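The structure appears below as structure tokens.
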Amino acid sequence: MPCSPAKARLLLKEKKAIVVRRTPFTIQLTIATGETKQPVSLGVDAGYKHVGLSASTEKAELYASEVELRQDITDLLSARRALRQSRRNRKTRYRAPRFDNRIRTKRKGWLAPSVENRINA
């Protein structure tokens, strides 16, 4: 949990903590601290254009952020599909249609690229 800069300096000086990251400055304790836990609740609002995150206790909000999602993925995929279809429909000989290329629906956990990007954002 967060601590004051003075407390962080003291822990580092006494070798009770190590520096994990410099930006943002993060330390990790190297000693056992007991079973004191702070009840923190996480709220996620997954909307269509924005995803909001908030971590808070009963008294204060510890973390809040908002991520703006990309809106151009479906347009890019449609343009890609159109180019692929035009390439296939040029002066080519007749080919029998393939019916065994539906592997995506067989695989468990598959998500559409636009939905997958929302989750990864």
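Per-residue answers, yes or no, for (1) surrounded by 11 or more Cβ atoms within 10 Å (Cβ to Cβ); (2) of a type in the set (A, V, I, L, M):
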residue	(1), (2)
Met1	no, yes
Leu10	yes, yes
Lys15	no, no
Leu29	yes, yes
Gly34	no, no
Asp45	no, no
Lys49	no, no
Answer residue from segment 84-114, given it is exposed (fewer than 10 other Cβ atoms within 10 Å of the Cβ) and aliphatic (A, V, I, L, M) and is modelled with the highest pLDDT among those: Ala96
Ile27 being in contact with a helix residue (DSSP H, G or I) (Cβ under 8 Å, 6 or more places away or on another chain) and more than 30 Å from Ala6 (Cβ to Cβ): no
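The values are calculated or read from the model by the stated rules, or taken from the named source; none is laboratory data. This structure is a prediction, so every number in the text was calculated from the model and none was measured. We place every Cβ from the backbone using ideal geometry, glycine too, and count neighbours over all the protein chains shown.
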